[in-house]
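Derivation of every value follows stated rules applied to the coordinates shown; laboratory data play no part. Not measured: the values here are computed from a predicted model. Positions of Cβ are generated from backbone atoms using ideal geometry, with glycine treated the same way; all protein chains shown enter the neighbour counts.
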Amino acid sequence: MDETYVGGKEKNKHESKKLHEGRGAVGKTAVLALRERGESGRTVGFPVASVDSATIHAEIRARVEVGSTLHTDEAVVYNGLEPAFKHESINHSAREFARGNVTTNGIESFNALLKRGILGVYHHVSPKHLPRYVNEFSFRLNEGNVRNHTTQRLDSLIRRSAGKRLTLEALTNA
């Protein structure tokens, strides 16, 4: 699992939109992404209100089976997950990217594809609709396997869309 931040660069914003609070995650929405290991490894991502230990731990407990092994980077928000989970981390600051089967490369690839897709295709997404875009990229990754015939992927899309009506009013009203 890994977290990433989605939002425009402060230096590229119009002066009236700048927050003048620093760099990095300022003014961005945090997205937490999780990926199962193995051949059927599914990816799920979702925006989180904040990247602090309480929030991240609550999201993990809600979505990950107790006793699972978690692979993360060295971010301190992941400390304290044991004994409910086995936790192994990669120390990127020491130039470590994989240690045996412990790695975050797969989920970091998802985060990179998400950001590149938003920048290259949509150019901008509002925090209000960010969950939909994250779901789209999760779907693309999970269903985009070339071993799955195109009609299988379309069937999956239709099945997941059934009963989920999005009206223009719901889309445009805050």
How about Lys17: which lysines have a C-alpha closer than 24 Å to its C-alpha, ignoring those fewer than 8 places off in the same chain? Lys9, Lys28, Lys115, Lys128
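Given the DSSP H assignment, sum -39500 (n - 2.57) over each helix run of at least 4 residues in the chain and divide by its residue total; what's the result at 222 nm in deg cm²/dmol, nearest 500?
On the way: 5 runs with 55 residues, N = 174.
Taken over the chain, the calculation gives -9500 deg cm²/dmol.
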Based on DSSP, what percent of beta bridges with both residues in the stretch 2-166 are antiparallel, to the nearest 5? 70 percent
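Quick one: compute the contact order of the stretch 2-166, relative version, from alpha carbon pairs under 8 angstrom and 6+ residues apart, as a percent. Intermediate results must be reported in sequence, preceding the final value.
Details: 172 pairs, mean separation 31.5, N = 165.
In percent, rounded to a whole number, it is 19.
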Per the charge dipole of the stretch 29-174 (beta-carbon charges, Lys/Arg positive, Asp/Glu negative, Cα centre), the residue among Leu70, Leu157, His124 reaching farthest to the positive end is Leu157
In what sequence do Ser16, Ser161, Ser156 fall when counting other Cβ within 10 Å, fewest first? Ser16, Ser161, Ser156
Place a +1 charge on the Cβ of each Lys and Arg in the stretch 2-166 and a -1 charge on the Cβ of each Asp and Glu, then give the dipole magnitude about the Cα centre in debye, rounded to the nearest 20. 820 debye
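How big is the dipole moment of the stretch 57-128 about its Cα centre under a simple scheme where the beta carbon of each Lys and Arg is +1, that of each Asp and Glu is -1, and everything else is neutral? Debye, nearest 20, please. Don't skip to the answer; put the middle values down first.
Values: 8 positive and 8 negative charges, 61 e Å.
Taking the Cα centre of the stretch 57-128 as origin, the dipole is about 300 debye.
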For the chain, the Debye formula with one identical point scatterer on each Cα and no solvent gives log10 I(q)/I(0) at q = 0.14, 0.17, 0.20 Å⁻¹ as -0.90, -1.25, -1.49
Most positive-pole-ward Cα, Val6, Ser16, Ala58, against dipole of the stretch 1-102 from beta carbon charges: Ser16
